[in-house]
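What follows is a single structure, written as structure tokens, with notes after it.
Only the coordinates and a few stated rules stand behind these numbers; no lab work does. Predicted, not measured: the structure shown is a model, and the values here were computed from it. Cβ atoms come from the backbone with ideal geometry, glycine included; neighbour counts cover every protein chain shown.
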């Protein structure tokens, strides 16, 4: 098989990681020189240019990070396979007619999304945990440790979005006042309960969305996919508003007693809502994030509740950098990593505080857990392993 790796909108290091892994496995692999203009809408000129390149180079498989509609259509017209490796959940862009064609192959890290995709009619779906670039991580780690010299730069850190800009927040001015307490009740039930149960999906009936549309003509849901508006609103609105509430509250709570640092794109929201938290700018993904992970005694992961059956990339990256992970509970993560041996989890705010106090005071135990997590990721969750499984899947199920 000869692969063409494509990127949309901006260049991402993880796409290059996939290309490198395919080459290391012995597959001829090219990276498309142009950025595709978009992931979620079609452009005839982009499709035609990509098709010409595929034919000229005799490409047999097109692969991308996320589902890129122009790439899927180009591959379909030529009659070759298209593989989309998904990083996010819930992932809505796959719910369109192109997702159902027989040449589309989807790798998802969320087992529940795998079931939903199959129910929707996507013919080829593979569940795979997310990965790290083993060779690159090892190189970075050697350089980082020379910089750190066994010391830490942070006690507690979190690299991530506060989700202050979400569909619920944008829609709030158009939601009738008599309905707002209903949504607050959903937040009250779901927030700060990290036991692996999703208490959001299914709570907003379609009749509620239709009612808001009738009484507030300005209210709209920018849903271009074949997914119900109510599910779109829950996933990109309610789930993210809860994440905003949880992340701000957790950071403020920990900062009452400990040194906490946040790196985020939501700088304005952070300055307004956080107290005693050191706020830094967004960190460029790659060696810079690895430095923060390796240089923090505790790396927080407060996962989106929309990630129901998968382990976020942040966890894999922290472990790949040799960092210690303290994360909200997820059943799948507890299956991939041994709790309190390779990773530490919390289910309530009280448990979070207790474990932060304990592991800040027990340096040797914390380092051992980080070492075991690092070893597990490097053995099992690498791009080389991931691409090996994908190529075997393509050969096996493509016959």
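For segment 138-185, the pair-distance distribution built from all alpha carbon pairs, in bins 5 Å wide starting at 0, is 4, 13, 14, 12, 10, 6, 7, 7, 8, 9, 8, 2 percent.
Here 300, 73, 126 are placed in order of increasing Cβ neighbour count within 10 Å, fewest first, which gives 126, 73, 300.
Expressed per residue, the C-alpha convex hull volume of segment 231-284 stands at 80 Å³. Separation of segment 1-64 and segment 285-308, taken as the distance between their Cα centroids, equals 28 angstrom. Each 20 Å bin, from zero up to the one with the longest distance, holds this percent of the alpha carbon pairs of the chain: 26, 56, 18, 0. Using every pair of separate Cα atoms, the Kirkwood estimate puts the hydrodynamic radius of segment 95-220 at 19.7 angstrom. Neighbour counts of C-beta atoms inside 10 Å place 317, 44, 357 in the sequence 44, 357, 317, starting with the fewest. For segment 269-322, the Stokes-Einstein estimate of translational diffusion at 37 °C and a viscosity of 0.692 mPa s comes to 255 µm²/s, using the Kirkwood hydrodynamic radius over alpha-carbon pairs.
The orientation-averaged projection of the convex hull spanning the C-alpha atoms of segment 289-399 amounts to 7.6 square nanometres. Spin-label pair residue 118-residue 11: with each label point 7 Å from Cα along the Cα-Cβ axis, the two points sit 3.9 nm from one another. Computed over segment 337-399, the P(r) tail beyond 15 angstrom holds 64 percent of alpha carbon pairs.
Computed from the C-beta positions of residue 351 and residue 276 and an R0 of 22 Å, the FRET efficiency is 0.50 to the nearest 0.05.
Counting only DSSP beta bridges with both residues in the chain, the antiparallel share comes to about 0 percent.
Taking the number of Cβ atoms within 10 Å of each Cβ as an exposure proxy, the fewest-first ranking of 353, 138, 236 is 138, 353, 236. Stretching the chain fully between residue 341 and residue 368 yields a gain of 8.9 nm (0.36 nm per residue, less the alpha carbon separation). The calculated FRET efficiency for residue 48 paired with residue 135, based on their beta-carbon distance and R0 = 35 Å, is about 0.45.
Taking the inverse of the mean 1/r over every pair of distinct Cα atoms in segment 64-106 gives a Kirkwood hydrodynamic radius of 10.3 Å.
Estimated at 0.36 nm per residue, the fully extended path between residue 226 and residue 178 surpasses their Cα-Cα distance by 14.3 nm.
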